[in-house]
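Let me begin by presenting the structure, written as structure tokens, before commenting on it.
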Amino acid sequence: MIGARSRRILITGGNAGLGLALAKKLARRHSLLLSGRKSQNEVAGTLPPGAGYVVADQSDPEKSALALVRGIRDFGWDGLDNAVLNAGIGIAAVDGVDSAEAIRQTLDVNLLAAILQARALFPLLKKSSGTLTLIGSVAHKGSATIPAYAASKAGLHGFARALRSEWKGQVAVQVLHPGPAKTDIHEKAGYDPGRMRALFLAPDDIAAMMASAIASRRSPATLSWVRYLNGGAFTGRRL
Amino acid sequence: MKSGPRRALVTGGSAGLGAALVDWLLANGYEVVVLDRDRPWTGKTSVDFIRCDLASRTELDGVLPDLVSGGPYDLVFLNAGINATGKFEALDPRTHVEVLRVNTEAPMVIAAALFEAKACRAGAAMVFVASLSHFTGYPGAASYAASKDALAIYARSMRKYAASRGVSLTVAFPGPLKTDHAERYSPEGADGSKRMDPDRAASLILTDALAGKKTSIPGAGNRAFAVVGRMFPKPVTAMMRRLLYDRLKS
């Protein structure tokens, strides 16, 4: 039964933003392995106590998938209850057009890495009848500010729809689309939301909605103001 | 006001839907630039041919200047695509990489380069060829579904910018076509008789593109499928699973 026992949970991009907020929420009850681009030394002290960390740079999708599998084995896990493929970058388009470099980087990190990681993690997830969670974005329906980012998230949406059917009865697959959160993704992307930022949800609240959506295994789920105002951060299943 | 003959670019113009598009354009007096991995097998000599395997970033970067100087264009068809059907986890990782590179990354990079170099004339039309799979789940071709959904949304995201440059963006969602490509990737025993003739699909898509329509779903049956797929995602995805995934051998 979900919520009754400690789960082995992998969170990519778990050293910052929503990934870290989710990790902090789950750290007390579950066993966590987080991944990120930064080195062990750089993240030391910032992660929740007890969580493992593996370096997996998503800008090389194939290597990142191998790094995760190796990291899980070295951590002593022989199965995986949850994989939350959350790592992602955004690069604001300059004058309306993404550069070739930005397009390639965004697709590699946000989409291709998740696809190859899902493939590599399949045996571990299958063994534990686990859940694969892909973190999309409300931008998956299109955005003129961040076209390549929107495209990468739309790709995750279509990927989840297909894979959820393919892996039915073996591994649950879902895609979650969080709304904008008060993380540093906008600053990193070179985009200033200005006063709009006041309307962004707190990372903790999004993380709470992510946790209950993961427990429910439903797909797709949009985690934004509508859900929040319906009590999404306080009610729902517990992971 | 027209200066010289109209020019068109077609990626993947050597076979399938692309070849049908090239035929239509040549018959209607366009000068055509074709980008493909292989020479046109129909032996078309009247096109400017640029050889490039879009799965390779270095090859694409190498021909981008030629693509730009081949303009300015009145019509751009980002049509090249490959498929990979099979159980997702059983397919080689390289296959998934190539599907994403050819179907998503390359057309995005080409479109961005053409916009930056102002290689489209005002009043031009640019067409992104996605897939009818956009309106359903597509078990048995998960990375392909991802690649085409990403492309469709990129086009949608770029529409406003393109309009500011006087370029209309059309996303085409063709259904199954009678092409070698479709036959190679459909399961054994699949009924090919209901597939659309590529010449017909090409002329329907061209009509929509020249009219500046946002989306083009060629064929009434395909349009009905798109509506039903949107309204009932679960049963339609289950049906797609029976049509493709359940018939896969491995």
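The values are calculated or read from the model by the stated rules, or taken from the named source; none is laboratory data. Please read these numbers as outputs of a predicted model, since none were measured by experiment. Here the Cβ is made from the backbone with ideal geometry for all residues, glycine too, and neighbour counts use every protein chain on show. SASA here: full protein model, heavy atoms, side chains in, ligands and nucleic acids out. Shrake-Rupley method; radii C 1.70, N 1.55, O 1.52, S 1.80 Å.
Observations on the structure shown:
- The set of residues in region A:114-136 that are open to solvent by 10 Å² or more (accessible area, probe 1.4 Å) and in contact with a Lys or Arg (Cβ under 8 Å, 6 or more places away or on another chain) contains only A:128.
- Residues satisfying the stated conditions in region A:112-155, i.e. within 30 Å of residue A:191 (Cβ to Cβ), facing chain B (nearest Cβ under 7 Å) and among the hydrophobic types (A, V, I, L, M, F, W, C): A:112, A:115, A:116, A:144, A:148, A:150, A:151, A:154
- Condition broken by residue B:159, with the remaining ones in (1) open to solvent by 20 Å² or more (accessible area, probe 1.4 Å); (2) under 19 Å from residue B:73 (Cβ atoms); (3) touching a helix residue (DSSP H, G or I) at 6+ places or on another chain (Cβ under 7 Å) satisfied: (3)
- When the residues of region B:2-18 are filtered to those that are open to solvent by 10 Å² or more (accessible area, probe 1.4 Å) and in a helix (DSSP H, G or I), the one that is modelled with the highest pLDDT is B:17.
- For region A:180-187, the criterion of being in contact (Cβ under 8 Å) with a residue 24 or more places away in the chain and part of a strand (DSSP E or B) is met by at least one residue.
- Residue check, residue B:163 of a type in the set (A, V, I, L, M, F, W, C), in contact (Cβ under 8 Å) with a residue 40 or more places away in the chain and assigned to a helix (DSSP H, G or I): no
- Taken over region B:195-224, the criterion of being assigned to a loop (DSSP other than H, G, I, E, B) and either of a type in the set (Gly, Ala, Ser) or touching a Ser or Thr at 6+ places or on another chain (Cβ under 7 Å) (or both) is satisfied by B:211, B:212, B:213, B:214, B:219.
- Scan of region B:224-248 for residues that are more than 10 Å from residue B:135 (Cβ to Cβ) and charged (D, E, K, R), ordered by number: B:234, B:241, B:242, B:246, B:247
- Matching residues, region B:83-135, being modelled with pLDDT of 95 or more, part of a loop (DSSP other than H, G, I, E, B), closer than 20 Å to residue A:113 by Cβ and more than 9 Å from every other protein chain (Cβ to nearest Cβ): B:92
- Verdict on residue B:192 being modelled with pLDDT of 95 or more and part of a loop (DSSP other than H, G, I, E, B): no
- Residue check for residue B:225: under 19 Å from residue B:149 (Cβ atoms) and either within 21 Å of the chain's Cα centre (by Cα) or among the aliphatic types (A, V, I, L, M) (or both): yes
- Among residues of region A:156-177, those that are open to solvent by 10 Å² or more (accessible area, probe 1.4 Å) and away from every other protein chain (no Cβ under 13 Å), counted: 1
- Failed criterion for residue B:140 (all others in (1) assigned to a helix (DSSP H, G or I); (2) facing another protein chain (nearest Cβ under 8 Å); (3) of a type outside the set (Ser, Thr, Tyr) hold): (1)
- Applying the criterion of at least 2 residues that are surrounded by 22 or more Cβ atoms within 10 Å (Cβ to Cβ) to the strands (runs of 3 or more DSSP E) found wholly in region A:1-113 leaves A:8-12, A:31-36, A:82-85.
- Residues located in region B:86-120, provided they are of a type in the set (Val, Ile, Thr), surrounded by 22 or more Cβ atoms within 10 Å (Cβ to Cβ) and closer than 22 Å to residue B:132 by Cβ: B:99, B:102, B:104
- When residue B:169 is tested against (1) touching a helix residue (DSSP H, G or I) at 6+ places or on another chain (Cβ under 9 Å); (2) within 7 Å of chain A (Cβ to nearest Cβ), just one condition goes unmet, and that condition is (2).
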